[in-house]
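Chemist: The structure under discussion is supplied below as structure tokens; questions concerning it will follow.
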Amino acid sequence: MSLRPPRRTVVVVVIAAVLGIGAGMWFAGHDERPANTPPPPRPVVVAAQPGDPMPAITLPDLQGQPQHLASFHGRPLLINVWASWCGPCVEEMPALTTFADAQGATGVQVLGLALDTPEGVRDFLTRIPVAYPIVLDTPGPADASVRLGNAQGLLPYSVLVDAQGRIVKQKLGPFAAGEIEAWARH
């Protein structure tokens, strides 16, 4: 009994391999753009700095309704960028909730900006509820946190906006115990 494949099978396999390699090389080098055309530019995002007006940002809330961040003007606003999968974000959430609850109708407003999926945020909020508003964005090189000055794209990230809509402070990383109250005073 011979273990050698029939010659016809070997020829078919070799032809298929050559065609597969050729097709792969063609697709890898094939580009829809005309020759010498540069790739499309990546979006340029200007990261806000302290003293700048808060960028015009509109994001959906958990019900899918658009929320204009400019609608929070009139009182200082602490924007905390977080995600349900971010350990330090989860650790600081109770302190942010306590801070927000203590502010009443005239103090600093708190807004959570989740770089997460609606499902991920809803699941998180069933375990750790918060009373302040939450808006959603998709993480990426031009997400709202980057526009608010988070050039490194790390979490958590917080921004303090004054009552006139100007960025006062930016913080990368979690708040230490007892730090929020002092940091939110400007």
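Chemist: For residues that are surrounded by 14 or more Cβ atoms within 10 Å (Cβ to Cβ), in a helix (DSSP H, G or I) and either touching a strand residue (DSSP E or B) at 6+ places or on another chain (Cβ under 7 Å) or of a type outside the set (A, V, I, L, M) (or both), tally how many sit in the stretch 94-108.
Modeler: Here the count works out to 4.
Chemist: Return a yes/no flag: does the stretch 126-146 have any residue that is outside any helix (DSSP H, G or I), of a type outside the set (Val, Ile, Thr), at positive phi and at pLDDT 95 or above.
Modeler: no
Chemist: Any residue at all in the stretch 126-147 that's free of Cβ contacts under 8 Å to residues at least 12 places away in the same chain, of a type in the set (Val, Ile, Thr) and either under 11 Å from residue 81 (Cβ atoms) or open to solvent by 10 Å² or more (accessible area, probe 1.4 Å) (or both)?
Modeler: Looking for residues that are free of Cβ contacts under 8 Å to residues at least 12 places away in the same chain, of a type in the set (Val, Ile, Thr) and either under 11 Å from residue 81 (Cβ atoms) or open to solvent by 10 Å² or more (accessible area, probe 1.4 Å) (or both), one finds at least one in the stretch 126-147, hence yes.
Chemist: Quick test of your reading of the structure: residue 116 fulfils all but one of (1) touching a residue at least 60 places away in the same chain (Cβ under 8 Å); (2) buried (at least 20 other Cβ atoms within 10 Å of the Cβ). Name the failing condition by number.
Modeler: That leaves (1) as the condition not met.
The values are calculated or read from the model by the stated rules, or taken from the named source; none is laboratory data. Treat the numbers as computed from the prediction; the structure is a model and nothing was measured. For neighbour counting, all protein chains shown are included, and Cβ atoms are generated from backbone atoms with ideal geometry for every residue, glycine included. The accessibility values were calculated without ligands, DNA or RNA, using every heavy atom of the protein model including side chains. Shrake-Rupley method; radii C 1.70, N 1.55, O 1.52, S 1.80 Å.
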